[in-house]
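Notes follow the structure.
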Amino acid sequence: MKTEAVEEVQRAEDLDALQQVRVKYLGKKGLVTQRLKTLGSLDPEERKIQGQAINALKQEIEDAIKKRRAELEAAELEASLARDRVDVTLPGYRLPTGGLHVLTQVINRLLEVFRTMGYEVVTGPELETDYYNFTALNFPAEHPARDTQDTFWTTDGRLLRTHTSPVQVRYMKHRKPPFKVVAPGRVFRNEAVDVTHEAQFHQLEALVVDTHITMADLRGAISTMATALFGDGIKTRLQPSYFPFVEPGAEFAIWWENPRTGKSEWLELGGCGMVHPNVFRAVGYEGFTGFAFGFGIERLALISYGIPDIRYFHQNDLRFLRQLRGGL
Ligand code: FA5
């Protein structure tokens, strides 16, 4: 029986089969157990001899089972390691990452240029009062100049700022000259939307106040900015224009080569001028002069990247966003 049992143990192909062999010999009704039960009917001398023999047999079968179990478990572990093997040389999955919107990239670039020119960056609220957006900027009540900036009014009589110029007033009310500041931000106009007009866009405002600021400083600031953005040889132009909060007022343009037509042309960027005395009066300044300018950031981005339609900026079309995505 011994050889037979040990052979069966060794042939067991898995842990289940091994358990069955165990039951067959060592279980409650197993062959070895049954033999042990017969001992009682033997005489003492014979019982001792038989008892030792059966126990030795039992021990050998148990040892064989233990050995086989260890082998089977090791084989099982090997198999599962082979099955679940990780190939550490495979390239990893690329995790989706965000990127900077093209407008954010342009704004960051502009702020970098102005910081190197010594300007401080300031901001103001998008929800404004009539006072900061118009009155303090020398737009008289009922004056038609207010109609040049179609306004979104709120039910409580406030408005979505139509330009970044109210930040000038907010800043000057709490600071004393000299200073040089720029204020980037979102502005809103109740306008019909088309390829060059959005109801929501961004402007960048610059304001410089000291005791002897002149129109020459304004010209210098605009051409320095244009050179920093577009390189040496870029030409800028100021043409007389009207804004209630500057006197004299002008529109400024840059001479650039349109990559789509290959032709050079003047491109209006924004408005500028010397701060109007009424604005200084509204903030309690005396004995100072200053200049201000403001322009549309989308318009600058359109020409920098050759984007054909201003509406692309806010449509969140992934094809557009991915194409012009900036690194974080
Ligand atoms: C102003 O908003 C003045 N606050 C600019 C200024 C500042 C003048 C300081 C003097 C001193 P204007 O309404 O022209 O001006 O707008 C300035 C620029 O904003 C425009 O030249 C254009 O680039 C941009 N802009 C105006 N309306 C829209 C629109 N609907 N969509 C996109 N860009 C626009």
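Read the figures in this text as sums done on the coordinates, not as results from a lab. Keep in mind that this is a model prediction, so the values were computed, not measured. So basically every Cβ, Gly included, is an ideal-geometry build from the backbone, and we count neighbours across all protein chains shown.
With a cut-off of 19 Å, note down the residues of region 136-154 whose backbone N falls inside the zone around a label point 7 Å from the Cα of Lys173 toward its beta carbon. Within reach of a label on Lys173, which here means backbone N under 19 Å from a point 7 Å along Cα→Cβ, region 136-154 contributes 136-141, 154.
Each residue of region 227-282 gets 98 Å³ once the volume of the Cα convex hull is shared out per residue.
With a Förster radius of 35 Å applied to the beta-carbon distance between Thr89 and Arg325, the computed FRET efficiency rounds to 0.70. In this label model, Glu62 and Asp210 are separated by 10.0 nm, measuring between points 7 Å along each Cα→Cβ vector.
Spread over its residues, the convex hull of the C-alpha atoms of region 20-96 is 109 Å³ per residue.
Straight Cα distances below 20 angstrom link Lys235 to the lysines Lys263, with same-chain residues fewer than 8 positions distant left out. For region 2-83, lysine pairs separated by 8 or more sequence positions, or belonging to different chains, with Cα-Cα distances below 16 Å total 16. Only Cα pairs under 8 Å and at least 6 apart count here; give the relative contact order of the chain as a rounded whole percent. Here the relative contact order equals 16 percent.
Inverting the mean 1/r over all pairs of different Cα atoms, compute the Kirkwood radius of the chain and quote it in Å. The partial results should precede the final answer.
On the way: mean 1/r = 0.0376 Å⁻¹.
By the Kirkwood definition, the hydrodynamic radius is 26.6 Å.
Each peptide among 93-104, 152-163 gets the average number of other Cβ atoms lying within 10 Å of its residues, and from highest to lowest they stand as 152-163, 93-104.
Taking the alpha carbon gyration tensor of region 95-188, what are the square roots of 5 times its eigenvalues, largest first, to the nearest whole Å? All intermediate terms of the calculation are to be shown ahead of the outcome.
Values: eigenvalues 155, 79, 24 Å².
One finds semi-axes of 28, 20, 11 Å for region 95-188.
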